[in-house]
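Bear in mind that the values in this text are calculations on the coordinates, not laboratory data. Just so it is clear, the structure is predicted and the values come from calculations on it, not from any experiment. Cβ: placed from backbone, ideal geometry, glycine included. Neighbour counts: every protein chain shown.
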Amino acid sequence: MSAEDSETCTIRPVTPDDCSLIAELVHELADYERLADQAKATADDFRRHLFGERPSAEAAIVEVNAHPVGFALWFTTFSTFLGRAGLYLEDIYVRPPYRGRGIGKAMLAMLAQLAIDRGCGRLEWSVLNWNTPAIGFYEAMGARPVGEWTVYRLTGEPLRLLAEAGSLEPEARP
């Protein structure tokens with residue numbers, strides 16, 4: 001990572017004390033992505049899902065001179081075709097004044113190493129179609145879009161309605 005003179009960059013796992021910071025950074029990311037109205041996550045949500053009884057994600061904070069400047073949040077997936085786990089990068093964010101210094105690449109390199117260390121078959125993420133700076137950044141590292149797939153999503157009322165319409169009796173569900 002290239003950094004300004006006398007800057008020290010560190011990437012560290014989040015702690016429960018970082019959950020308010022994660023929520024703040026997520027809201028900054030949502031503003032950047034023009035999705036602020038969708039950012040509902042709170043510090044308590046992150047505390048519960050990163051450190052609760054059954055954690056569903058992991059995260060890291062990146063700091064420059066002990067000042068938080070970004071984060072990455074990911075979770076484990078599984079590929080039935082590969083028969084191996086993978087990592088899915090849900091979000092990566094670097095505050096604007098710190099972009100262009102190699103911080104994002106350092107976080108992706110950390111995740112790539114984590115995937116290799118865990119025997120994962122892939123590291124994946126999504127990017128908004130209009131975010132050409134991010135697309136160029138990812139492609140410069142060798143990442144390629146998976147064009148033959150389209151992401152589908154159920155949320156809110158459609159999610160609830162489908163759950164209610166389930167075909168299995170409650171005692172037969174996993």
Practice item. Please go through the stretch 13-118 and write out the trypsin sites (Lys or Arg not before Pro) that DSSP classes as loop and that have at most 16 other C-beta atoms within 10 Å. Key: Arg34, Lys40, Arg99, Arg118
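Is the shape of the stretch 95-138 rounded, prolate or oblate, going by the alpha carbon gyration tensor and its root eigenvalues a ≥ b ≥ c, with a/c under 1.5 for rounded and a/b larger than b/c for prolate?
Oblate, since a/c reaches 1.5 and b/c is not below a/b.
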Check your understanding: In whole Å and largest first, what semi-axes does the C-alpha gyration tensor of the stretch 3-52 yield when each eigenvalue is scaled by 5 and square-rooted?
Key -> 23, 18, 6
Point to revise | Chain lengthening between Asp17 and Phe78 when straightened (0.36 nm per residue, less Cα-Cα) | key: 19.0 nm
**Study point:** Among Ser56, Ser20, Gln38 - extreme Cα towards positive end, dipole of the stretch 1-68, charges at beta-carbon
**Key:** Ser56
**Study point:** Separation of the Asn129 and Ala143 label points, Cα + 7 Å toward Cβ, nm
**Key:** 1.8
Exercise for review: Report, largest value first, the span of the C-alpha coordinates of the chain along each principal axis, in whole Å.
Suggested key: 63, 35, 33
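Using DSSP to call loops (not H, G, I, E or B), can you name the chymotrypsin sites (Phe, Trp or Tyr not before Pro) in the stretch 1-103 whose Cβ has at most 11 other Cβ atoms within 10 angstrom?
Taking the stretch 1-103 and a limit of 11 other Cβ atoms within 10 Å, the loop chymotrypsin sites (Phe, Trp or Tyr not before Pro) found are Phe81.
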